[in-house]
Amino acid sequence: MIPSVLPTYNRVPLSFTHGEGAWLVAEDGRRFLDMGAGIAVNVLGHAHPALIEALTAQAGKLWHVSNLYQIPEQQALADALVDATFADSVFFTNSGTEACELAVKMARKHWAAKGHPEKTGLISFSGNFHGRSSAAIAASGTDKMIGGFGPVLPGFVHVPWGDHDALHSAIDEHIGAILIEPVQGEGGIRPLPDQCLKGLRELCDEKGILMILDEVQCGMGRTGRLFAHEWAGITPDIMMVAKGIGGGFPLGAVLATEDAAAGMTAGTHGSTYGGNPLACAVGLAVMRHVSDPDFLAEVRRKAALLRQRIESIVATHADVFEEVRGVGLMLGLKCRLPAADVVEAGFAHELITIPAADNVMRLLPPLTLSDSDIAEAVSRLDRAATAASLKAKAPA
């Protein structure tokens, strides 16, 4: 008999009653150190006072009116994003998946509006994860994502990660955009080197192709810059944002230059909930914190401290871990043992981490975690790695 909640998740048998900062409290009273932040969502941690204040203040005034009307909170958040980024215009969604759908539509509409309706093709890269909508799974091209969901949305060309020759060979007169994550998240915390991102920008300019960046997981301060592409000194034409932008409240956005968005006129896209007063009030509070240069400097300092200590754990437990990779507070531990087993061992020591592809354990903590949180996380990871190693060596 099917359960009342559609059984599409393999859930961990844990539930939490409340949280504060980088900590979650389970129903049985155990305190877990949250190094996953709801999959890179809770950038300001749990129950942050500024977010509580923004949410409750707005909740007492106005929740929702729809995009039939002017929404001052939405305008304020759009202005803040435009002021802080490359973008000239913003469309608000409820999720990263919705942002992907619009990014694909916007790229295709751009070329149709410019008299090139044939330029519908988009290049994406192996290991990507852009969501679970029709466009997003088509971008993945993997059996895991598209199996049983055909026919698949056409127009996507898949290129191996890091294969420059294959990328150049894939570009023809039908390609209108390249879609890439500056740091792959679900794909195993794989950063694209700065020189490669610069080269990709140059290639797009040379070939007259739009660059779409997916910063759903690596954006909003996660890497120590407001957005990860800033490390390479380049800007995209279109960018997908979600997760951290709402600090835990469902919110996403597509940011674009005026030229890239030129085809998106009245009636070409819409959302009932996207950018409603409640979501944007919270998003604006997040943005005020995360875009602050002093806040980002602290993220970089804490990231360096965490990485240094994690490197020592990898060296100590060479039978469990192979390497550390990533940037900022977006780290991946490539495991020698099954990553799922190491994550499970962490649960036994009240440490929350997240598995990813390529046998990687992800560390995506709140950007507000303290130095003492870092020390405790490393201590618990040390104990979890020891337990995982002993279990692997135990007789069957």
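Details
- Potential lengthening of the chain between ASP292 and HIS269 amounts to 5.1 nm, from the contour at 0.36 nm per residue minus the alpha-carbon distance.
- Alpha-carbon centroid distance for the pair the stretch 24-51 / the stretch 112-182, whole angstrom: 35
- Only one residue of PHE86, PRO72, VAL41 has its Cα farthest out toward the positive end of the dipole of the stretch 21-89, where Lys and Arg carry +1 and Asp and Glu -1 on Cβ, and that residue is VAL41.
- Per-residue [θ]222 nm for the chain (sum of -39500 (n - 2.57) over DSSP H runs n ≥ 4, rounded to 500): -12000 deg cm²/dmol
- Per-residue extension of 0.36 nm, minus the Cα-Cα distance of ALA57 and ASN10, leaves a gain of 13.3 nm for this segment.
- Among SER133, SER372, the order by Cβ neighbours within 10 angstrom, fewest to most, reads SER372, SER133.
- Efficiency of FRET from Cβ geometry, ALA170 and SER312, R₀ 51 Å, rounded to 0.05: 0.75
- When the chain is treated as a GNM with alpha-carbon contacts under 10 Å, the residue of ILE189, ILE39, ILE146 showing the greatest mean-square fluctuation is ILE146.
- Counting every other Cβ atom within 10 Å of each residue's Cβ, ASP28, ASP371 order from fewest to most as ASP28, ASP371.
- Within the chain, percent of DSSP bridges classed antiparallel, to nearest 5: 65
- Of ARG222, ARG11, the sequence from fewest to most neighbouring Cβ atoms within 10 angstrom is ARG11, ARG222.
- Near the amide H of THR93, within less than 5 Å, lie the amide hydrogens of GLY252, ALA253, VAL254, GLY275, all on another chain or at least 5 residues away, with H placed in the peptide plane.
- Note that the stretch 105-120 has calculated 3J(HN,Hα) couplings of 4, 4, 5, 5, 5, 3, 6, 4, 5, 8, x, 10, x, 6, 8, 9 Hz, one per residue in order, obtained from phi through the Karplus relation 6.51 cos²θ - 1.76 cosθ + 1.60 (θ = phi - 60°); glycine and proline are x.
- Taking the Cα centre of the chain as origin and assigning +1 to Lys and Arg Cβ atoms and -1 to Asp and Glu Cβ atoms, the resulting dipole is close to 660 debye.
- Kirkwood Rh (inverse of mean 1/r, distinct Cα pairs), the stretch 49-290, angstrom: 18.2
- Relative to one another, the C-alpha centroids of the stretch 318-339 and the stretch 53-67 are positioned 41 Å apart.
Where a number appears in this text, it was derived from the coordinates with a stated rule and is not lab data. Quantities reported herein were computed from a predicted structural model and do not represent experimental measurements. Glycine also receives a Cβ, built like all others from the backbone with ideal geometry; neighbour counts cover every protein chain displayed.
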